[in-house]
Amino acid sequence: MLGPLKRVTNQLATMSRSSASKQAGGRDMNTPSVTYLWMKREQRRQWLSSSLFCLICSLVAMFATLAFLFVFSSVLLCKADLYLAEDGMFHIAVFSDLHYGENESTFGIPADKNSAALMRQVLSQEQPDFVILNGDLITGENTFAFNSTGYVDQIVAPLVQGGYSWASTYGNHDSKYNLSREALYAEEKKYANAYTQHGPAGTDGVTNYVLPVFPLDTTASNQKPVALLWFFDSRGGSEYQSLPANVDNIDNYVSNGTVSWYRSAQADLQSKYGTLPSLAFVHIPTLAFVDLQAQTFPLVSGPNYPGLNADVPLAQQGYSNTGSEAIPFMQALLDTPGLHSIYSGHDHGDSWCGRWPNSTLPGYGVGGGSSQNRPFLCFCKHSGYGGYGVWNRGVRQIRMSFDQSGSMIVDTWVRMQAGTVVTAVSLNETYGGDTYSTEDGQ
């Protein structure tokens with residue numbers, strides 16, 4: 001009985017191998033090892049196909065994610081333009097010489113709290129359209145490397161909480177052994193509200209840039225601005241981690257490279273838009289401020305030029321008595337059509353405004369020309385509780401308005417922390433002849 005069964009089994013096995021051979025395209029599959037290898041190759045082919053498909057899907061997903069992140073980051077990094085308010089005006093609050101981080105082991109922390117309280121109070125009372133931090137944000141020589149840029153977060157906290165946008169210039173105390181301008185800028189740019197920009201190659205310092213202000217009804221990207229806001233880095237201070245520590249070794253004036261950029265950028269904008277009214281912000285004043293203070297004394301702080309005049313003589317850009325290092329910058333400012341006024345801090349005891357003097361004497365800087373073509377010079381008010389001086393703190397306000405012809409009118413005043421408004425003036429063609437209250441808040 002076993003013989004026929006064996007034959008039947010052998011026949012079935014032969015038929016099975018024959019069928020498998022036909023399915024394999026006629027390959028010789030008579031041995032178990034060949035069958036095993038063929039099955040492994042089929043499995044590997046299927047695995048490779050599946051893996052390749054998964055890889056392609058992963059790459060597509062990765063590129064889609066990168067594209068999303070690029071678009072998202074672009075939205076965050078690209079600033080909207082500045083526009084006039086609904087009333088057709090543009091109101092700027094200028095906080096100067098905040099000096100956060102000064103003597104943090106003693107009076108520094110309470111001083112910074114007082115500065116923050118002043119910022120919140122003035123912002124609440126004035127509700128400006130834009131804020132400018134005009135230099136010496138931090139007393140860098142009193143900070144440590146691990147916490148120096150962290151003071152930026154404290155400085156801008158009232159602005160972020162109030163939804164205000166801002167732009168900065170940097171001062172001589174913003175570059176010290178434990179604080180660099182580059183690090184300060186990097187920290188500031190973490191905030192979407194910060195319009196501060198880094199100057200292009202060829203400029204010196206960091207904060208050399210221009211911001212256009214557009215009409216409220218602007219619908220196209222090529223709409224003509226109504227005004228320009230220029231920002232300049234007057235530098236000063238000491239190099240980061242340079243020994244001996246905190247010994248000033250950076251030139252304290254707007255460099256010739258920056259002047260070249262400014263002349264070129266101003267010419268390009270004029271070629272594109274024609275003459276536009278503009279304001280300029282720079283921390284350390286030029287010698288023209290010294291000239292004006294000397295030539296109008298004792299009229300500065302009087303009824304024609306109201307404001308505090310306690311730093312006499314004031315400190316200016318450059319090292320020599322004549323301030324000759326800053327002459328190229330001063331000449332570039334005077335050569336700028338439409339430049340209305342220049343705003344500086346640095347000298348905590350001054351807060352007056354005047355017209356650029358008609359200085360022609362040796363050692364008196366740059367002047368001449370029609371008085372109507374020379375810009376106004378204004379000191380900001382010492383705003384922070386750090387920094388030298390015991391004068392009451394306040395914040396300069398600037399309101400730009402425009403008539404139907406596009407001409408700009410500028411009114412300015414100082415809002416004191418006590419809530420009072422002092423030295424409210426109109427910087428127009430009759431300024432210097434008009435009389436105002438001499439109340440300066442002191």
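The table below gives the values:
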| item | result |
| --- | --- |
| Wholly within the stretch 80-190, helices (runs of 4 or more DSSP H) carrying at least 2 residues that are basic (K, R) | 108-126 |
| Unique residue being part of a loop (DSSP other than H, G, I, E, B), within 21 Å of K176 (Cβ to Cβ), in contact (Cβ under 8 Å) with a residue 60 or more places away in the chain and among the hydrophobic types (A, V, I, L, M, F, W, C) when the list is V254, V206, V247 | V254 |
| Whichever residue in the stretch 86-109 is among the small types (G, A, S) and surrounded by 13 or more Cβ atoms within 10 Å (Cβ to Cβ) and, among such residues, is nearest to A192 (Cα to Cα) | A93 |
| Hits in the stretch 156-173 (condition: closer than 19 Å to W230 by Cα and crowded, with 21+ Cβ neighbours inside 10 Å) | W166, A167, S168, T169, Y170, G171, N172 |
| Selection count, the stretch 144-164, where residues are of a type in the set (G, A, S) and either in contact with a strand residue (DSSP E or B) (Cβ under 6 Å, 6 or more places away or on another chain) or at pLDDT below 95 (or both) | 3 |
| Options L276, L333: the member that is closer than 28 Å to D174 by Cα, buried (at least 16 other Cβ atoms within 10 Å of the Cβ) and not polar (S, T, N, Q) | L333 |
| Subset of the stretch 306-330 [under 20 Å from G354 (Cβ atoms) and among the charged types (D, E, K, R)] | D311 |
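The values are calculated or read from the model by the stated rules, or taken from the named source; none is laboratory data. Bear in mind that the values here come from a model prediction, so they are computed numbers and not experimental data. Neighbour counts are summed over all protein chains in view; Cβ atoms, including those assigned to glycine, are modelled from backbone coordinates with ideal geometry.
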